[in-house]
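The values are calculated or read from the model by the stated rules, or taken from the named source; none is laboratory data. It should be emphasised that the depicted structure is a prediction, and the values quoted were computed from it without experimental measurement. No Cβ is skipped: glycine too gets one built from the backbone with ideal geometry, and neighbour counts run over all protein chains shown. Just so you know, the surface numbers come from the protein's heavy atoms only, side chains and all, with ligands and any DNA or RNA stripped out. Shrake-Rupley method; radii C 1.70, N 1.55, O 1.52, S 1.80 Å.
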Amino acid sequence: MVGATKVTRPALRAVACGAMLLGASATLADTLEGALVQAYQNNPTLNAQRASVRAIDEGVPQALAGYRPKVTLSGSIGSQYWDTTTKSATFNQTYTQLSGNLAPSTYGATVTQTLYNGLQTSNRTRQAESQVQAARESLRTAEQTVLLNAVTAYMNLLRDGAILDLQRRNVEVLQEQLRQTRDRFNVGEVTRTDVAQSESRLAAGRSQVLSAEAAYKASVATYRQVIGVEPGKLTAGSPVDRFSPSTQPAAIGVATTTHPTVSSAQYNVDAALLQVKVAEGALYPTLSLQGNVQQSNDASLLQTKTFNAAALAQLSVPIYQGGAEYSLIRQAKETLGQRRLDLDSARDQARQTVVQSWGQLEAAKANIDATQAQVQASEIALNGVREEARVGQRTTLDVLNAQQELVNARVSLVSAQRDRVVASYTLLAAVGRLSPQVLALHVPVYDSNVHYQQVRDTWAGVRTPDGR
């Protein structure tokens, strides 16, 4: 009998259904949703972006400080030696010499309150708030990137594990094929050429196993990097088409209006516009109120204590300061124009990404149907070639080629299933909806507003809200 024990149909159906790592237990295995939760909580890139948002939050209390008074305390103390000789103004001139040591000290306080500065403080505050909103949108982009990377790492590991299993099974089949070919050679049914062909194909199969093992180990390392934990037994992932718009025009409309990169660009335009107003505020008068108290002790021989208190209103009207303020206004306007162009680019990029992702998803869907048909046809072809070889109508090489075509078809099916899932998540990210809320992940969602409210109205203190 020409041929060998085949990979069973139940194993093939398991692969076709997406259970790419055979033997995985549904109760003990890791799930794609669980991997996304781990990545959302543990990914260092995402945690670094959250820290960046918290740092940008501090721009608002820094801007609000312009509304608050500034208080300065000053003091000095020292030692002074004096020696004075005085000549009288009378006809009989006499000289009087005085000497001694003094310890003069001075201390005081100054309070300054800005009353008007060309609305620079209010514009800086609004600008800082826009920058906070832009940072939050950038965080949403980072979340989408991390979650998509997690999906890709998870599905790549499933794919590479399944391919490794297929290649190992193929080696088992080829070993059995070689054993049977040698038995037939010993009884004179085939030639030495048939044996050599079987040996060559077995060596190639072992080489493919080594390559598949290397790819699998690389995927394990990537999984650990992105998700933050070592992989266990993974279960099959499923597409998320239900969360994406049903038509391509609708997806484009959502992406060009609500995608985080577009929203971030819009907030950057607002911040640039307010920067123009801040720069223009430098041309307006500045009005402030200043209060000062000061006490001096042992300042001189005749005046041992002095106390001063003053309240002043100061008005400063800029006339010309070298032209720097005009240059800053022109610079801010150019930056505003740049940010508006960046917004147009962000919308165009969002549209292009949606169109590309939509096409990839449609191709992935069609590719699964094609590869499933390819696997079925390759199975039928392999069984037919084996039967024909049994009666002498086919050669050993024909059987080996048919076996390799079946393996290739199964590998293509596994890759197509991986592409199908990843493409659905890619489209969801392209429209800006790849988030824990949309996916209904069982994980506490990071709320940027909590830290913002904790620091916004803080007047003093160096500790962060988490106690550092």
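Amide H contacts of residue 232: 30, each under 5 Å away and 5 or more positions distant or on a separate chain (H built 1.01 Å from N in the peptide plane; Pro and chain starts excluded). Extension gain, residue 233-residue 317: 0.36 nm per intervening residue step, less the Cα-Cα distance, totals 23.0 nm.
The candidates 56, 227, arranged from most to least accessible area with a 1.4 Å probe in the full protein assembly, appear as 56, 227. Here the 3J(HN,Hα) profile of the range 47-56, calculated from phi with Karplus coefficients 6.51, -1.76 and 1.60 at θ = phi - 60°, is 5, 5, 5, 5, 5, 5, 5, 5, 5, 5 Hz, Gly and Pro shown as x. In terms of packing, defined here as the mean over residues of other Cβ atoms within 10 angstrom, the peptides 204-217, 165-178, 148-161 line up highest first as 148-161, 165-178, 204-217. Available extension along the chain between residue 93 and residue 168 is 14.8 nm, counting 0.36 nm per residue and deducting the alpha carbon span. Only protein heavy atoms count here; on that basis, with a 1.4 Å probe, residue 307 has an accessible area of about 130 Å². Couplings 3J(HN,Hα) for the range 381-386, derived from phi with the Karplus relation 6.51 cos²θ - 1.76 cosθ + 1.60 (θ = phi - 60°), are 5, 5, 4, x, 5, 5 Hz, where x marks Gly and Pro. If you add up the charges near residue 160, with Lys and Arg at +1 and Asp and Glu at -1, over every other residue whose beta carbon is less than 11 angstrom from its beta carbon, what do you get? Summing Lys/Arg as +1 and Asp/Glu as -1 gives +1.
I want the local charge near residue 273. Using Cβ-Cβ distances under 12 Å, sum +1 for each Lys or Arg and -1 for each Asp or Glu among the other residues. Net of charged neighbours comes to +3.
Going 7 Å from the Cα of residue 304 toward and past its Cβ, which residues in the range 102-123 have a backbone nitrogen under 14 Å from where you end up? 102-105, by backbone N distance to the label point. Rolling a 1.4 angstrom probe over the protein heavy atoms with all chains in place gives the range 112-154 an accessible area of 36 Å² per residue. A Cβ-based charge dipole, computed about the Cα centre of the range 326-468 with Lys and Arg at +1 and Asp and Glu at -1, lands at about 600 debye.
Summarising the label geometry, the points placed 7 Å from Cα in the beta-carbon direction at residue 179 and residue 204 lie 2.3 nm from one another.
Entry comment: accessible area of the range 270-361 is 65 Å² per residue, from protein heavy atoms only and a probe of 1.4 Å. A simple charge model with +1 on the Cβ of Lys and Arg, -1 on the Cβ of Asp and Glu and nothing else charged puts the dipole of the chain at about 160 debye relative to its Cα centre.
For the chain, carbon and sulfur atoms together expose 53% of the accessible surface, with a 1.4 angstrom probe and every protein chain in place. The residue 48 and residue 464 beta-carbon pair, evaluated with R₀ = 25 Å, returns a calculated FRET efficiency of approximately 0.95. Among residues other than residue 37 with Cβ under 13 Å from its Cβ, the summed charge is -3 (Lys and Arg +1, Asp and Glu -1). Peptides 400-410, 326-336, ordered by how many other C-beta atoms sit within 10 Å of their residues on average, highest first, read 400-410, 326-336.
The HN-Hα couplings worked out from phi for the range 71-79 by the Karplus form 6.51 cos²θ - 1.76 cosθ + 1.60 (θ = phi - 60°) are 10, 10, 9, 9, x, 8, 8, x, 10 Hz, whole numbers, x standing for Gly and Pro. Counting only protein heavy atoms and using a 1.4 Å probe, the accessible area of residue 412 comes to about 50 Å². Projecting the Cα atoms of 426, 443, 404 onto the charge dipole of the range 385-468, computed from C-beta unit charges around the Cα centre, puts 443 farthest toward the positive end. Given R₀ = 30 Å, FRET efficiency for residue 380-residue 189 by Cβ-Cβ distance, to 0.05? Rounded to the nearest 0.05, the efficiency is 0.75.
The length gained on full extension between residue 352 and residue 372, counted as 0.36 nm times the residue separation minus their Cα-Cα distance, comes to 4.2 nm.
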